[in-house]
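Visitor: One structure follows; several queries about it will come next.
Coordinate-derived values only; no laboratory data. Remember, predicted model here, so these are calculated numbers, not experimental data. No Cβ is skipped: glycine too gets one built from the backbone with ideal geometry, and neighbour counts run over all protein chains shown.
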Amino acid sequence: MEVVRNVYREDHEQFRTTVRRFLERECLPRQETWLADGIVDRETWQKAGREGLLGTSLPEEYGGGGGDFGHAAIIAEEMAHVGVSVSFGLHSDIVAPYIARLGTEEQKQRWLPGVCAGETILAVAITEPGGGSDVKACRTTAVRDGDEWVINGSKTFISNGFISDMVMVVCKTDPAAGAKGVSLIMVETNREGFRRGRKLHKVGMHSQDTAELFFDNVRVPASNLLGEVNKGFGYLMHDLAQERFIIAVGAASKLERLLAQTVEYVKDRKAFGGTIWDFQNTRFKLADIKANAVALRTMVDYYLAEHMRRGLSGEEAAIAKLYSTEVLWKCIDDMVQLHGGYGYMLEYPIARAFVDMRIARVYGGSNEVMRELITRKM
Ligand SMILES: Cc1cc2nc3c(=O)[nH]c(=O)nc-3n(C[C@H](O)[C@H](O)[C@H](O)COP(=O)(O)OP(=O)(O)OC[C@H]3O[C@@H](n4cnc5c(N)ncnc54)[C@H](O)[C@@H]3O)c2cc1C
């Protein structure tokens, strides 16, 4: 029995059709090139902007779709379903909301139309070579000099690091003040002193450009500060909840899709005069995976409705991220096993998921950090 989904409205489902068609028509055929190049081409971003796939929940007055989180969730679900990986979600639903929520009217008018059009691609730079989990210990500094901020430091593992036009940089504006000395500053990547390092060779997620970024006396106008000075840590704690929940949304759909593909595979694959499906071990494993997929779907849809209604707390988002990524990883491992040697060949979706999804237990805040957040309320 499938879980009845009643979280989406009619307009969401119409949007799903648009998204799936776009991913199948514009992204799937280019996927192999992106995987080889380690980056998605800019033209695809602009096409996505024209088709209304970027900034879906941003206000229409800034070029957005005027939708809600349901539209963002549908993009994450469809990426997982179709099996393509482009960081539209990071751009539209993780970084852009900081501008929409904290930006002044002038900042929103200056930046958001380009974001929605796919002309200004966004990245967020929190993690540093010296550490990612302990955000308040970051060492990149921003010092006020007249009407400018002067930024020095380095960041690593930054998604969209190569292609981005603007980066939300987490900086220390009062190094002695710990969490109370963190600020968020938007940095255009054509500023003097900004440099991208090497494109990092990752285990998976090969179509996404992940890079080191260096800031050497980078000067940006004072008006590039988002929100208030030294309030950045609180802003991050608020908005990271959505980032973590989007990971859970993608994980639930990925698990359902991989399960369907694995069932198809084992029913077709022959061994010992029958198929792999005929072994009780196979069916028992698949039964367990189905039970996990249903439990995850039920949880994610409950939280999805709550997020659209009132916004999830940090604790709820941590629970969703922790549970979804641990369950997905365990099930992927079992499904690789059911595929035998083909489970290790990258042309099979299960192998691609094996290399792509391991990182979900680490990024967006590691699952150990999620456990810390969850136990804080106990
Ligand atoms: C493909 C990819 C894309 C990424 N994209 C971005 C991006 O766009 N922007 C960005 O800023 N970062 C990004 N990251 C970085 C990612 O968010 C960090 O890797 C992650 O937060 C962990 O930080 P770290 O790697 O420094 O590990 P560390 O902080 O060094 O942690 C190492 C280990 O110690 C554990 N640990 C740390 N603190 C605790 C604790 N309190 N209790 C128990 N265990 C703990 C961790 O869970 C982990 O297992 C990306 C990473 C990858 C690999």
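Visitor: I'd like the orientation of helix 280-309 relative to the chain: the angle between its Cα long axis and the longest Cα principal axis, in ° from 0 to 90, rounded to 10.
Guide: Its long axis makes an angle of about 30 degrees.
Visitor: Something else about it: Can you find, among GLY234, ALA222, ALA211, the residue farthest towards the positive end of the dipole of the range 197-243? Put +1 on the C-beta of Lys and Arg, -1 on that of Asp and Glu.
Guide: Of the options given, the answer is ALA211.
Visitor: In degrees from 0 to 90, rounded to the nearest 10, what is the angle of the helix 69-82 Cα long axis to the longest principal axis of the chain?
Guide: Approximately 50 degrees, to the nearest 10.
Visitor: Follow-up. Given springs between every Cα pair under 10 Å in a Gaussian network model of the chain, which of LEU255, LEU184, LEU338 has the largest fluctuation?
Guide: LEU338
Visitor: Then there's this: Report, to the nearest 10°, how far helix 232-268 tilts away from the longest principal axis of the Cα atoms in the chain, using its own Cα long axis and a range of 0 to 90°.
Guide: Between helix and principal axis, roughly 20 degrees.
Visitor: Taking only Cα atoms and a 10 Å spring cutoff, compute GNM fluctuations for the chain and point out the largest among ASN367, ASN152, ASN281.
Guide: ASN281
Visitor: Right, next: Would you work out which of PRO113, PHE22, GLY83 lies farthest towards the positive end of the dipole of the range 10-117, given +1 charges on the beta-carbon of Lys and Arg and -1 on that of Asp and Glu, about the Cα centre?
Guide: Sorting the options by dipole projection puts first PRO113.
Visitor: Any idea how far the Cα center of the range 286-320 sits from the one of the range 24-45, in Å?
Guide: For the range 286-320 versus the range 24-45, the Cα centre distance is 30 Å.
Visitor: Another question, if that's okay. Whole angstrom only: what separates the Cα centroid of the range 220-283 from the Cα centroid of the range 111-131?
Guide: When both Cα centres are located, 21 Å separates them.
Visitor: Now for a different question. Going down the list LYS108/LYS202; LYS155/LYS285; LYS136/LYS377; LYS47/LYS108; LYS155/LYS290; LYS180/LYS330, which pairs span over 32 Å between their C-alpha atoms?
Guide: Values: LYS108/LYS202 34 Å; LYS155/LYS285 42 Å; LYS136/LYS377 21 Å; LYS47/LYS108 22 Å; LYS155/LYS290 40 Å; LYS180/LYS330 38 Å.
LYS108/LYS202; LYS155/LYS285; LYS155/LYS290; LYS180/LYS330, as the Cα separations exceed 32 Å there.
Visitor: Hey, another quick one. If I build a Gaussian network model for the chain, linking alpha-carbon pairs within less than 10 angstrom, which residue out of GLY161, GLY153, GLY250 has the largest mean-square fluctuation?
Guide: GLY153
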